[in-house]
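For reference, the structure is listed below as structure tokens.
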Amino acid sequence: MLGAFDYVRARSVEEACRLLAERDDAVILAGGTDLLVEVRNGLREPKLVIDVKAIDELARLDPSDEEWMIGAAVPLNRLAEHRAIRESVPALADAALSIGTYQLRNRATLVGNLCNASPAADAAPVLLTLDAKLSVAGPKDFRTIPIAEFFTGVKRTCLTDGEVVTDIRIPAPPQGLKTVFFKQQRIRGHDLAVVNVAGSYDPTAKTLKVAVGSCAPTPVLLEPTEATGSTAAIAERVVELAEGATSPISDVRASAEYRRAVLPVLLRRLVDRLLSERSGA
Ligand SMILES: Cc1cc2nc3c(=O)[nH]c(=O)nc-3n(C[C@H](O)[C@H](O)[C@H](O)COP(=O)(O)OP(=O)(O)OC[C@H]3O[C@@H](n4cnc5c(N)ncnc54)[C@H](O)[C@@H]3O)c2cc1C
């Protein structure tokens, strides 16, 4: 059962920040698909819920030449169906589409997925490999946070009192960028990730960026790898980096041993897929 709380539909980012800063029992609601589950399960007891879904400026989805902007109120289905996103960064559309059901994705947002800060958040690995940044409005100031600095622990971010994420920005993908997202889950259909991995390969810079989820307290971006040598050798470098950077645990979805066994398999497939059309490969 949901505990009682007041509900406000904010009309501006300023109003949302002011209300959030005024009370320490206030929370932001976007799609509510994480928040309301936690409230129903008694894990959180907000007394004021501030809905940001109706703030016009947060509904912007704007892939321009230099930078792509995804507003905090954009639902996952709208993102995944966006033609430029599907064509240029298919991994982002794939990750969005892997979250929950169609009905859920009509409400759930990309920003909510990040702010919830689950180690298994499906959008996080892709956005880490794309060098995304979060635009954040506070009661006094605006700031920009690189996604690699955003997660500080399980369900923890570096957001401070009264801060609201307004959008996510991604540098416009360079010509020929290849992106891939893989997710291992317990069942077909919708489920949280046992392990998720994402990668991007820039054929001009010849660099490979890989990130891993559900294998550490936060999603992890590995050190970028130079894509020189055989695909098999590159894959082994990535596997080695991942083994050094992760610390899988056992939970309801899988044992630590299973995660340790699956991770290299997914990473080898990921590297293979990313580099399959590499000239000279
Ligand atoms: C049945 C079901 C299946 C699911 N499947 C998956 C899955 O496969 N993969 C996966 O990764 N997740 C899954 N989820 C979790 C959830 O749907 C996603 O994380 C979703 O993207 C959350 O977005 P939201 O807009 O609903 O967030 P909300 O629930 O509205 O918010 C989540 C958290 O972020 C905060 N927040 C939201 N927006 C802002 C903002 N603009 N500024 C500051 N803080 C903010 C909220 O206060 C809250 O703490 C599932 C959930 C359910 C119920």
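Restrict the check to region 187-210 and report whether at least one residue is within 16 Å of the ligand (Cβ to nearest atom), among the basic types (Lys, Arg) and assigned by TED's automatic domain parsing to the domain that holds Leu270. Show your work before the answer.
Within region 187-210, the subset within 16 Å of the ligand (Cβ to nearest atom) is 187-198.
Those still in the list that are among the basic types (Lys, Arg) too: 188.
Now narrow it down to the ones that are assigned by TED's automatic domain parsing to the domain that holds Leu270: 188.
Yes, some residue in region 187-210 is within 16 Å of the ligand (Cβ to nearest atom), among the basic types (Lys, Arg) and assigned by TED's automatic domain parsing to the domain that holds Leu270.
Mind telling me which of the residues Glu22, Glu45, Glu81, Glu67 ends up being closer than 30 Å to Val195 by Cβ, among the acidic types (Asp, Glu) and away from the ligand (no atom under 12 Å from the Cβ)?
When all the criteria are applied, what remains is Glu81.
Among the residues of region 26-41, what is the count of those that are out of contact with any helix residue (DSSP H, G or I) (no Cβ under 7 Å at 6 or more places or on another chain) and either assigned to a strand (DSSP E or B) or touching a residue at least 12 places away in the same chain (Cβ under 8 Å) (or both)?
Qualifying residue count for the region: 5.
Enumerate the pairs (first residue in region 79-98 and surrounded by fewer than 18 Cβ atoms within 10 Å (Cβ to Cβ) and of a type in the set (A, V, I, L, M); second residue anywhere and modelled with pLDDT under 95 and not in a helix (DSSP H, G or I)) with beta-carbon separation below 6 Å, excluding pairs fewer than 6 apart on the same chain, so at least 6 apart or on different chains.
Between residues of region 79-98 that are surrounded by fewer than 18 Cβ atoms within 10 Å (Cβ to Cβ) and of a type in the set (A, V, I, L, M) and residues that are modelled with pLDDT under 95 and not in a helix (DSSP H, G or I), the close pairs are Ala84/Pro63.
Run Gly32 past the list (1) more than 12 Å from the ligand (Cβ to nearest atom); (2) under 26 Å from Asp191 (Cα atoms) and report the number of the one that doesn't hold.
Failed condition: (1).
Would you point out the residue of region 106-128, among those that are more than 8 Å from the ligand (Cβ to nearest atom) and of a type outside the set (A, V, I, L, M, F, W, C), that is farthest from Gly213 (Cα to Cα)?
That would be Asn106.
The values are calculated or read from the model by the stated rules, or taken from the named source; none is laboratory data. Owing to the predicted nature of the structure, the values given are computational and were not obtained by experimental measurement. Don't worry about glycine lacking a Cβ; one is built from the backbone with ideal geometry, like all the others, and counts go over all protein chains shown.
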